[in-house]
Structure formats: structure tokens, C-alpha cells
1. Using Cα springs under 10 Å in a Gaussian network model of the chain, which residue among Thr128, Thr33, Thr105 shows the largest mean-square fluctuation?
2. Under a Cβ-Cβ cut-off of 13 Å, what is the net charge of the residues other than Gln137 that fall near it, where Lys and Arg count +1 and Asp and Glu count -1?
3. Would you list, by chain and number, the lysines whose Cα falls below 29 Å from the Cα of Lys138, excluding same-chain residues fewer than 8 positions away?
4. What order do you get for Ile132, Ile106, Ile89, Ile114 when you list them from fewest to most C-beta neighbours inside 10 Å?
5. Over the chain, what is the mean sequence separation of C-alpha contacts under 8 Å (at least six apart), divided by residue count, expressed as relative contact order in percent?
6. Using DSSP to call loops (not H, G, I, E or B), can you name the chymotrypsin sites (Phe, Trp or Tyr not before Pro) in segment 35-89 whose Cβ has at most 15 other Cβ atoms within 10 angstrom?
7. Please give the length that would be gained between Ala67 and Leu127 if that part of the chain were fully extended, namely 0.36 nm times their separation in residues minus their C-alpha to C-alpha distance (nm, one decimal).
8. Long-range amide H contacts for Val103: which residues qualify at under 5 Å (H placed 1.01 Å from N, peptide plane, sequence gap of 5 or more or a different chain)?
Amino acid sequence: MLTGSYAHSLDAKGRLVLPARFRASLGLDLFVTKGLHGCLWVFGQDDWQQLVAKLTSGSMVNPEVLALQRFFLGFAADCHPDDVGRVSIPELLRQYAGIQRDVITIGAGNRLEIWALERWETYNGGLTDDEIQRLGQKLQL
């Protein structure tokens, strides 16, 4: 289970050092793709395979299935941490997420989210206690 958050900076080659705690949970075979709200999602191999199975189980001619496949699978990249735990984030994914240098990594259960720091602050700043309470009640937490 991925939890917690860490602030980082990408190096000049677009690489991000993943915290050891996240690397231990995710493993060595990572998959990075577009996430919702302008962030990137990072999955370990098992969770990625589960997502792919769900995305490919629908009809190939269903427009909703196609939209999800194109969004999540069309820009996915497999990444492998180097000896010091750095992963290279492809340029197209960095552009999508607005990532230039400063990022925050957020543990989100079965996945890691990578946010441009400014985008995260804007998104997270818009979540009020009342909104979190409303969502929690809706989901019966």
C-alpha cells in the first residue's frame, strides 16, 4: 500500500529519484501513464496488469472503452529504476503533467501519483474540509 508524500526535483535529464519506501512497494517494473487532474500515475507490474485487463476486457468498438484505452494505454511507458532509484519520465508525460522541475509524489493506495508542485498546490488547496466530509459521507467512509 502506497501512502505518504515527498517533495523532489527532477534532474536535468528528466529523472526523478523515487523514495526507497515507494520503490520497495512498487518493485522494479514500473509503468507510468497519464493520471486524472493533470498528474501522472505510476503502477507496479501487478497493479498495472490488473488495470490493463480491465481496460482491454471491453468491446474494441465501444467509444467509451476506446477513450479510456487511448488515455491510459496510449501514453504509458515502462520504466525501471536505476541503481540509485531514479526513473526517467518521458517528455510527453512531463508535458501533460506540467512538470518542469519541482514535483511531489503522493502515495495513493495501489499507485503513486506524480504532480508538478504548483499544480498539486492548486488542486489540493481547492479541497476544503467540507468537501472532504461530503465525499467521505457519499462513499460511506
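FYI, it's all coordinate maths here, none of it is from the lab. Just so it is clear, the structure is predicted and the values come from calculations on it, not from any experiment. So basically every Cβ, Gly included, is an ideal-geometry build from the backbone, and we count neighbours across all protein chains shown.
1. Thr128
2. Values: positive: Arg134, Lys138; negative: Asp129, Asp130, Glu131.
Net charge around Gln137: -1.
3. Partners within reach: Lys34, Lys54.
4. On the way: Ile132 11, Ile106 19, Ile89 22, Ile114 25.
Listed from fewest to most nearby Cβ atoms, that is Ile132, Ile106, Ile89, Ile114.
5. Details: 211 pairs, mean separation 49.5, N = 141.
The value is 35 percent.
6. Values: sites: Trp41, Phe43, Trp48, Phe71, Phe72, Phe75; in loops: Phe75.
Those satisfying the criteria are Phe75.
7. 18.9 nm
8. His8, Ser9, Leu10, Leu117
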